[in-house]
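Colleague: Sharing a structure, written as structure tokens. Questions coming.
No value in this document is a laboratory result; all are computed from the given coordinates. Here the structure is a predicted model, which is why all the values come from computation and not from measurement. Here Cβ is always computed from backbone atoms with ideal geometry, including for glycine, and neighbour counts include all displayed protein chains.
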Amino acid sequence: MTVPLVYHPNYSCPFPGDHRFVMSKFVRLYQYCQQWDMIDGNLHQPETASIEQLSIVHDLDYLHGLVNNNLDARVWRRTGLPWSQGLIERTLTAPNGTLLTARLALEHGLACHLAGGTHHAHRDFGSGFCLVNDLAYCAQTLLEQGEVQRVLIFDLDVHQGDGTAAILANEPRALTCSIHCEKNFPFRKAVSDVDIGLETGLEDDAYLDVVERTLIRLLDEQRPDLVLYDAGADVWQHDALGHLNISWQGVKRRDELVLQQCLQRHIPVATVIGGGYDSDHQRLAQRHASAIEAAFELAPLYL
């Protein structure tokens, strides 16, 4: 089986090259997938979402202010990003990319988004380089349209998925799980359905044990119709914002573990890339490819 991939050319919009957020990583990831023959008739392009569609999880006034660049200066400063029309266009597209990835996963068993994981965006404000919460939007849309009955958001970004947890706090059909570095951003945590705060400097074996035990318990107890997997690359030991001590091989083992546990239970899984911060932009793109490479390795065994 060829794994469906989702990407849009506007994901890497014009952006300051020295900014902490690496905007070029999306096109670099796409090019990396091309280089390693992972793209061959399996690429899907999302349509732009409307403000009305996004309002299923976001405040309309916030969305209009975001698009029209008239948010309060303090609200905008919290995002950490410089406003541009290109940024808005990608912000309105990427959530539908995650939604499309989820629908492809429901159809094929597995699909990967070459973006996504903007889990710090709250209902009425952006935060931590996140403007619109694609994970919450995807889960709520699928639930409201009756495409699934229960969703598990399994967030392994090194930072807690605070926006996702807050937006979906009163949605019992969406289970939010965040396994993150406790002493890291955001410093005021939200309350997920399952939160596991890890100690700074945690290494591979202890980390993978927590991930495996938690995931197995949730899959077996909850039996979700879909898993949205935020495969944050920022758990890597040399990530600029990480604070964990997970080797490159440990990240790969994690991604293989998560996908395998889902696939062997015949639970569809959609991956998003989550966070990753590195002055070496090409190396960062390669890190983000870990979950996609794992998907291509495992799909022939289970699908």
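Colleague: Can you give the three extents of the C-alpha atoms in segment 32-115 along their principal axes, from longest to shortest, in whole Å?
Modeller: 44, 28, 18
Colleague: Next up: Do me a favour and compute the ellipsoid semi-axes for segment 70-146 from its Cα gyration tensor, root of five times each eigenvalue, largest one first, whole Å.
Modeller: On the way: eigenvalues 136, 33, 18 Å².
Result for segment 70-146: semi-axes of 26, 13, 9 Å.
Colleague: I need the trypsin sites (Lys or Arg not before Pro) found in segment 116-222, filtered to DSSP loop residues with at most 13 other beta carbons within 10 Å of theirs.
Modeller: Working: sites: R123, R150, R173, K183, R188, K189, R213, R217; in loops: R123, R150, R173, K183, R188, K189.
Hits after loop and neighbour filter: K183, R188.
Colleague: I want the local charge near D59. Using Cβ-Cβ distances under 11 Å, sum +1 for each Lys or Arg and -1 for each Asp or Glu among the other residues. List each step's numbers first, then the result.
Modeller: Working: positive: R123; negative: D61, D124.
That works out to -1.
Colleague: Something else: Around D157, with a cut-off of 10 angstrom between Cβ atoms, what is the net charge of the other residues, counting Lys and Arg +1 and Asp and Glu -1?
Modeller: Numbers: positive: none; negative: D155, D230, D234.
Its environment carries a net charge of -3.
Colleague: Mind ordering 99-105, 50-56, 159-165, 31-37 by average Cβ neighbours within 10 Å, highest first?
Modeller: Numbers: 99-105: 25.0, 50-56: 15.6, 159-165: 28.6, 31-37: 14.0.
By packing density, highest mean first, the sequence is 159-165, 99-105, 50-56, 31-37.
Colleague: Okay, next question. Once you charge only the Cβ atoms, +1 for Lys and Arg and -1 for Asp and Glu, what is the size of the charge dipole of segment 55-194 about its Cα centre, to the nearest 20 debye? Let's see the in-between values first.
Modeller: On the way: 11 positive and 15 negative charges, 67 e Å.
Its charge dipole is roughly 320 debye.
Colleague: Further question on the same structure: Where does segment 111-173 land on Rg/Rh, using Cα atoms and the Kirkwood Rh?
Modeller: On the way: Rg = 11.4 Å, Rh = 12.1 Å.
My calculation of the ratio gives 0.95.
Colleague: Of the peptides 238-244, 138-144, how do they stack up when ordered by the mean number of other Cβ atoms within 10 Å, highest first?
Modeller: Details: 238-244: 18.7, 138-144: 22.1.
Top to bottom by mean Cβ count within 10 Å: 138-144, 238-244.
Colleague: Also, I was wondering about something else. Just how large is the dipole of the chain about the Cα centre, in debye to the nearest 20, putting +1 at every Lys and Arg Cβ and -1 at every Asp and Glu Cβ? Mind dumping the intermediate values first?
Modeller: On the way: 23 positive and 39 negative charges, 74 e Å.
Dipole of the chain, to the nearest 20 debye: 360 debye.
Colleague: While we're looking at this one, here's another question. Could you tell me the relative contact order of segment 152-303? Use alpha-carbon pairs under 8 Å, at least six residues apart, and round to a whole percent. Could the numbers behind the result be given before it?
Modeller: Numbers: 271 pairs, mean separation 35.8, N = 152.
About 24 percent, as a whole number.
Colleague: Cα atoms only, the chain: Rg and Dmax in Å?
Modeller: 17.3, 51
Colleague: Ok, one more. What list of ³J(HN,Hα) values in whole Hz, one per residue of segment 221-235 in order, does the Karplus curve 6.51 cos²θ - 1.76 cosθ + 1.60 (θ = phi - 60°) give from phi, with Gly and Pro shown as x?
Modeller: 7, 8, 6, x, 7, 7, 10, 9, 9, 8, 8, x, 8, 7, 6
Colleague: If you add up the charges near R173, with Lys and Arg at +1 and Asp and Glu at -1, over every other residue whose beta carbon is less than 12 angstrom from its beta carbon, what do you get?
Modeller: On the way: positive: R150; negative: E144, E147, E171, D193, D225.
Its environment carries a net charge of -4.
Colleague: Using 7 Å Cα-to-Cβ label points, what is the A240/R217 separation (nm, one decimal)?
Modeller: Once both label points are built, they end up 3.6 nm from each other.
Colleague: Further, regarding this structure: So what are the three principal axis dimensions of segment 166-213 from its Cα atoms, in whole Å, longest to shortest?
Modeller: Result for segment 166-213: principal-axis Cα extents of 34, 25, 8 Å.
Colleague: Which whole-Hz ³J(HN,Hα) couplings does segment 93-102 yield from phi under the Karplus relation 6.51 cos²θ - 1.76 cosθ + 1.60, θ = phi - 60°, glycine and proline marked x?
Modeller: In residue order, the calculated couplings are 8, 4, x, 5, x, 5, 5, 4, 4, 4 Hz.
Colleague: Compute the convex hull volume of the Cα atoms of segment 250-303, divide it by the residue count, and report the result per residue in Å³ as a whole number.
Modeller: Hull volume normalised by residue count: 71 Å³.
Colleague: Still on this structure: If the viscosity is 0.692 mPa s and the temperature 37 °C, what Stokes-Einstein diffusion coefficient in µm²/s follows for segment 193-303 when Rh is the Kirkwood radius over Cα pairs? Walk me through the intermediate numbers first.
Modeller: On the way: Rh = 14.5 Å.
This corresponds to a translational diffusion coefficient of 227 µm²/s.
Colleague: Output the direction-averaged projected area (hull surface divided by four) of the convex hull of the alpha-carbon atoms of segment 19-77, in nm².
Modeller: Its Cα hull, projected and averaged over all orientations, spans 6.3 nm².
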